[in-house]
1. Which one is modelled with the lowest pLDDT among residues in region 28-44 that are surrounded by fewer than 15 Cβ atoms within 10 Å (Cβ to Cβ) and assigned to a loop (DSSP other than H, G, I, E, B)?
2. Do we have Arg178 as of a type outside the set (Val, Ile, Thr), under 26 Å from Leu50 (Cα atoms) and either out of contact with any Ser or Thr (no Cβ under 9 Å at 6 or more places or on another chain) or in contact (Cβ under 8 Å) with a residue 60 or more places away in the chain (or both) here?
3. Out of all the residues in region 220-240, which are loosely packed, with under 15 Cβ neighbours inside 10 Å, closer than 18 Å to Gly272 by Cβ and under 60 Å from the mean Cα position of the chain (by Cα)?
4. Pick from Ile302, Ile343, Ile310: which is in contact with a strand residue (DSSP E or B) (Cβ under 8 Å, 6 or more places away or on another chain) and not in a strand (DSSP E or B)?
5. When you scan region 314-340, how many residues do you find that are at pLDDT 80 or above and either closer than 19 Å to Gly304 by Cα or outside any loop (DSSP other than H, G, I, E, B) (or both)?
6. Considering only residues that are surrounded by fewer than 17 Cβ atoms within 10 Å (Cβ to Cβ), in contact with a helix residue (DSSP H, G or I) (Cβ under 7 Å, 6 or more places away or on another chain) and not small (Gly, Ala, Ser), which ones fall in region 307-327?
7. Going by what's in this entry, would Arg252 be described as touching a Gly at 6+ places or on another chain (Cβ under 6 Å) and not β-branched (Val, Ile, Thr)?
8. If I filter region 128-143 for residues that are in a loop (DSSP other than H, G, I, E, B), among the basic types (Lys, Arg) and at pLDDT 90 or above, do I get at least one hit?
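The values are calculated or read from the model by the stated rules, or taken from the named source; none is laboratory data. Source: prediction; values computed, not measured. Every residue, glycine as well, gets a Cβ built from its backbone with ideal geometry; the counts of neighbours run over all protein chains shown.
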Amino acid sequence: MKSSIRPVLSALAVAFTGYLAVAGTWWTRPVESPVVLVLTLVAYLAVTGLCIFWPSVPREPAASSTGGDAGMGRAAALPLWVALLGFAVALLLPSATWWGVGEEGRFQPFATWSLGGIGALMAILVVRRRYLVAWSGIAVMILGSIAWIGVPSTLSLGAVGSVIWVGGAQIIMLLTDRAAIETAELLQLQREASEWLATQEGRRRERRVRIQHALAVAGPVLSRTIAVDGDLDDEERLQARLAEGRLRDELRGPRLLDDEVRRGLEELRRGGANVTFLDEGGLDGLGERDLLEIRRELASVISGASSERIYIRTSTQPGVAVTIVGRSRGEDGDEDVDLWHEIARPAAR
């Protein structure tokens with residue numbers, strides 16, 4: 001959108017400044033130094049054209065910029081030396097014009113056009129993000145005008161309009177910059193929402209696949225249990241308990257499972273242990289390589305466990321990925337912790 005608007009704005013700036021400059025060539029009475037007037041017009045048009053058509057480049061985003069601000073790639077400010085040329089025109093052009101027309105012509109339109117012309121040039125500098133130079137140019141133009149034609153004439157012949165142009169241009173720039181930042185922030189939020197939805201969809205798809213796999217394994221045993229209304233022999237009860245455990249594991253902690261971990265969990269349950277297995281999101285942000293290391297250590301720990309109750313849960317603590325706790329009934333009848341192992345988060349190793 002910016003690339004399509006820029007030619008339109010440039011054309012408007014050229015047309016407006018050209019219209020103001022034409023007033024400077026419309027001499028309705030003799031002037032004292034026509035060469036000076038022509039040179040001032042040429043200098044004005046040259047510097048104005050340079051300020052309008054100097055190529056704009058994207059501004060380098062600051063390291064501390066937010067995604068909204070950096071994402072828009074706003075144009076960098078006009079080079080300082082070009083802006084200073086505009087300031088020099090604002091400083092010299094009005095005085096040169098009034099000197100060139102002579103004392104009797106200072107209040108004529110071909111002499112006072114410079115007030116509007118400088119206002120237009122300073123408004124262009126505002127659009128090119130040289131606010132301080134633009135306001136400085138307006139200030140020196142007004143002071144010079146007061147010195148040549150006085151305060152009342154300065155205010156009535158164009159200085160007020162120039163101040164309004166520059167002020168309006170700066171307000172518009174501030175509003176458009178704010179709108180650009182808010183648009184970029186909205187786009188960033190939309191991207192993040194799309195990524196989150198894609199992640200959730202991927203997890204749902206993965207969970208469906210795992211559930212289908214678990215049901216394929218546990219389905220026959222569970223169907224048999226339902227068919228006989230729970231009237232199972234010891235082996236069938238064991239198989240049903242193992243099938244239920246496998247199904248719970250696939251639902252509650254799929255990212256912690258691989259063949260070795262599944263085998264270790266089944267051995268624990270065959271030995272009579274009650275295993276609680278739960279992933280509550282503590283592994284978010286870890287890559288597949290990190291998860292592989294965690295699964296390998298988890299399989300090693302549970303392969304040597306002998307506790308009656310084993311709790312395996314992911315941790316939200318910064319340095320811990322998984323906590324494994326084992327409890328067994330002691331001689332006094334109370335449960336004691338006989339296994340405690342924390343698997344460090346790979347980034348904290």
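1. Step one: list which residues in region 28-44 are surrounded by fewer than 15 Cβ atoms within 10 Å (Cβ to Cβ), which gives 28-30, 32, 34-35, 38-39, 42.
Going one step further and asking which of them are assigned to a loop (DSSP other than H, G, I, E, B), we end up with 28-30, 32.
Numbers: Thr28: 65, Arg29: 70, Pro30: 70, Glu32: 78.
Once the filter is applied, the top-ranked residue is Thr28.
2. Working: of a type outside the set (Val, Ile, Thr): yes; under 26 Å from Leu50 (Cα atoms): no; either out of contact with any Ser or Thr (no Cβ under 9 Å at 6 or more places or on another chain) or in contact (Cβ under 8 Å) with a residue 60 or more places away in the chain (or both): yes.
When the stated conditions are applied, Arg178 does not pass them.
3. Correct list: Glu235, Arg237.
4. Ile302
5. The number of residues fulfilling the criteria is 16.
6. Pro318
7. Details: touching a Gly at 6+ places or on another chain (Cβ under 6 Å): no; not β-branched (Val, Ile, Thr): yes.
It is false that Arg252 is touching a Gly at 6+ places or on another chain (Cβ under 6 Å) and not β-branched (Val, Ile, Thr).
8. Taking region 128-143 and keeping what is in a loop (DSSP other than H, G, I, E, B), we get 128-130.
If we keep only those that are among the basic types (Lys, Arg) too, we end up with 128-130.
Then drop every residue that is not at pLDDT 90 or above, which leaves 130.
So far as region 128-143 goes, yes, one or more of its residues are in a loop (DSSP other than H, G, I, E, B), among the basic types (Lys, Arg) and at pLDDT 90 or above.
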